[in-house]
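J.: Dumping the structure here so I can ask a few things about it.
Readers should treat all values here as calculations from the given coordinates under stated rules, not as data from a laboratory. Worth saying up front: this structure is predicted, and the values here are computed from it rather than measured. Heads up, the Cβs are rebuilt from the backbone with ideal geometry, glycines too, and the neighbour counts pull from every protein chain shown.
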């Protein structure tokens, strides 16, 4: 798949792309929301969220609310820019292939 | 969703993005419960007041005072106290929901000042005050409906603005019937869209929770 080599490898993964696509349109989302909407397992989602956090694309805040642990995810400015670039690259590849 | 797959095609990526953005957008919804309560309060108060006038009961303004106190208490409960009594799980916060919440606060502040102004200027007994109220309702409906892309609320806004025009055109000639016009506009702008939104909200909830992607 050499034609996709310039696509951001952090985003060019199904689950990470799904997470960023969900977060791009909201202010913040709980872990459980991302899990429900992506249908991912908790373990896999945690790993992918960590990768996105390490890339600086999302912020993760862990807190307690009413004695229950809560993990809140929010896209960063870098994440928005990276997603924007990813979509533009993707569109150019798709239009070039037509 | 399975463990990370090494590569996806461009089409798959685009489809996934569209799916997820659509799913996040589906989280931007309003159950309509707030408008239903508010709408019924307004509707019943108008009808009761109209009935009192027709029955020759002079204390018609009292029902609006009761309405005002009830609405104020409900507003305080909804804005400040509800979170202490109802442990609602908010899984996602959207910019639209936040904006609409602030719009609600602005609406009630504007409404309070407007009602005070109507009483102070002495036009609350002319029926013209309902024209100003319908303009304000229409404003709220139009913004709220646009934010949630809910056409029925926008139609409600147009009906309320038309109602205001009718009131200002006929002025005092409408008499007690202004209350029926007010009730009609409230029904079209709050009750009908509210009840339909509530039905759709329940369906959307079950749809979004069960509608999983399998990648």
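J.: Which one is nearest to residue B:22 (Cα to Cα) among residues in segment A:28-40 that are part of a helix (DSSP H, G or I) and free of Cβ contacts under 8 Å to residues at least 24 places away in the same chain?
T.: So the residue we want is A:37.
J.: Taking segment A:51-72, which residues are more than 10 Å from chain B (Cβ to nearest Cβ) and within 10 Å of the chain's Cα centre (by Cα)? Working first, answer last.
T.: Filtering segment A:51-72 down to residues more than 10 Å from chain B (Cβ to nearest Cβ) leaves A:52-64, A:67, A:69, A:71.
Across segment A:51-72, the qualifying residues are A:52, A:53, A:57, A:58.
J.: Going through B:16, B:42 one at a time, which residue ends up being touching a residue at least 60 places away in the same chain (Cβ under 8 Å) and within 14 Å of chain A (Cβ to nearest Cβ)?
T.: Values: B:42 fails: within 14 Å of chain A (Cβ to nearest Cβ).
Exactly one residue qualifies, and that residue is B:16.
Okay, residues lined up against (1) in a helix (DSSP H, G or I); (2) in contact with a helix residue (DSSP H, G or I) (Cβ under 8 Å, 6 or more places away or on another chain):
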site: A:26; (1), (2): no, yes
site: A:43; (1), (2): yes, no
site: A:47; (1), (2): yes, no
site: A:53; (1), (2): yes, no
site: A:62; (1), (2): no, no
site: A:72; (1), (2): no, yes
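J.: So which residues in segment A:74-89 are buried (at least 19 other Cβ atoms within 10 Å of the Cβ) and assigned to a strand (DSSP E or B), if there are any at all?
T.: Filtering segment A:74-89 for residues buried (at least 19 other Cβ atoms within 10 Å of the Cβ) gives A:75, A:79, A:82-83, A:86.
Matches in segment A:74-89: A:75 only.
J.: Go through (1) under 18 Å from residue B:18 (Cα atoms); (2) over 10 Å from the mean Cα position of the chain (by Cα); (3) surrounded by 12 or more Cβ atoms within 10 Å (Cβ to Cβ) one by one and return the number of the condition residue A:14 breaks.
T.: So the condition that residue A:14 fails would be (2).
J.: Filter segment A:5-24 down to residues that are out of contact with any strand residue (DSSP E or B) (no Cβ under 7 Å at 6 or more places or on another chain), more than 7 Å from chain B (Cβ to nearest Cβ) and not in a loop (DSSP other than H, G, I, E, B) and give me whichever is farthest from residue B:29 (Cα to Cα).
T.: If we take residues in segment A:5-24 being out of contact with any strand residue (DSSP E or B) (no Cβ under 7 Å at 6 or more places or on another chain), more than 7 Å from chain B (Cβ to nearest Cβ) and not in a loop (DSSP other than H, G, I, E, B), then A:16 is farthest from residue B:29 (Cα to Cα).
J.: For residue B:67, indicate whether it is within 30 Å of residue B:25 (Cβ to Cβ) and in contact with a helix residue (DSSP H, G or I) (Cβ under 8 Å, 6 or more places away or on another chain). Give the derivation first.
T.: Working: within 30 Å of residue B:25 (Cβ to Cβ): no; in contact with a helix residue (DSSP H, G or I) (Cβ under 8 Å, 6 or more places away or on another chain): yes.
Considered against the rule, which asks whether it is within 30 Å of residue B:25 (Cβ to Cβ) and in contact with a helix residue (DSSP H, G or I) (Cβ under 8 Å, 6 or more places away or on another chain), residue B:67 comes out as no.
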